[in-house]
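Undergrad: Sharing a structure with you now.
The values are calculated or read from the model by the stated rules, or taken from the named source; none is laboratory data. Only a predicted model underlies this, so the values are computations on that prediction, with no experimental measurement involved. Cβ atoms come from the backbone with ideal geometry, glycine included; neighbour counts cover every protein chain shown.
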Amino acid sequence: MKKLLVVLNDLEGSGKSTLALTLSHFLKEHDVQNTLIISDESDVESGRKEEFWDIEDEIEMSHLIRVLDRHEVVIVDVASGAARNWGDFCESEELENVLAEMDVEMTLIIPEHLSERCHEEIIDLAEIFSDQADYVIAHLPLEARGSREEKWKGGAAAKAMNYLGALEISVPAINADLATALESSEKSLPEALCDMESLPRFLEVQVSEWQEQAVLACERAGDYLIPERFDGLVSAM
């Protein structure tokens, strides 16, 4: 059974790109063939080479079927502001039924940090997608900006995700050494993750160490991320 991993949270700067790139690296570490779809025009303008879909305009079902046919796992990084467009696409195309016929499971990967606005978005996503997918909440240690800080445990967002059976993982923080290396190279973490081969050695070491910790965090969600295998083969192949 193949996997469709959809990374979404309409709050800008919530960590979607970092998370999507981390998932792709995690799958490669497990020898799982995957492709990453981007949907933010600014990523294209910055030189990202992944396939681009304009989710806010229109998604072609034929495009989705094509990439699902060719890959074990498809990761879709839904741009900020386009989560509801993806929800509309799922509803209008009856995606749940299409994926069932193709033997594909959809998992929503939702970045979370201790922000009231972030939690409001998570509650909205729970209402939009309900039981159409599996859920993974990825806790990122980011500061709450433009919104008051809100605890996760016991909050409305946590209760909504618990009701839907979401699995929780914790993404490692950017430590002081990595932050300094990124700043001196004038790169963000997603930019560094996209261009590991050309990074200066001091930054490559720091990013690689962070990646190793992130891979360990993703291991907890392996059943949600890695296609089910039988006798060493992916079941959908």
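Undergrad: May I ask you to list pairs of residues, at least six apart or on different chains, whose Cβ atoms are under 8 Å apart, with the first in segment 38-66 being in a helix (DSSP H, G or I) and the second being among the aromatic types (Phe, Trp, Tyr)?
TA: Partner pairs satisfying both residue conditions: Glu41/Phe52; Asp43/Phe52; Val44/Phe52; His63/Trp53.
Undergrad: Of the numbered conditions (1) at pLDDT below 95; (2) part of a loop (DSSP other than H, G, I, E, B); (3) of a type outside the set (Val, Ile, Thr), Glu197 satisfies every one except a single condition; which is it?
TA: (2)
Undergrad: Let me ask you something else. Could you identify the single residue in Ser170, Ser184 that is surrounded by 13 or more Cβ atoms within 10 Å (Cβ to Cβ), modelled with pLDDT of 95 or more and of a type in the set (Gly, Ala, Ser)?
TA: Every option except Ser170 fails the conditions.
Undergrad: Follow-up. Among all residue pairs at least 6 apart or on different chains, which show Cβ distances below 8 Å where the first residue, located in segment 189-208, is free of Cβ contacts under 8 Å to residues at least 40 places away in the same chain and under 10 Å from Leu178 (Cβ atoms) and the second is small (Gly, Ala, Ser) and assigned to a helix (DSSP H, G or I)?
TA: Between residues of segment 189-208 that are free of Cβ contacts under 8 Å to residues at least 40 places away in the same chain and under 10 Å from Leu178 (Cβ atoms) and residues that are small (Gly, Ala, Ser) and assigned to a helix (DSSP H, G or I), the close pairs are Ala192/Ser185; Leu203/Ala181; Leu203/Ser184; Leu203/Ser185; Leu203/Ala192; Gln206/Ala181; Val207/Ala181; Val207/Ala192.
Undergrad: How many residues does segment 104-117 contain that are more than 19 Å from Ile38 (Cβ to Cβ) and modelled with pLDDT of 95 or more?
TA: Here the count works out to 3.
Undergrad: Same structure, new question: Exactly one of these conditions fails for Lys28: (1) part of a loop (DSSP other than H, G, I, E, B); (2) loosely packed, with under 14 Cβ neighbours inside 10 Å; (3) under 16 Å from the mean Cα position of the chain (by Cα). Give me its number.
TA: (1)
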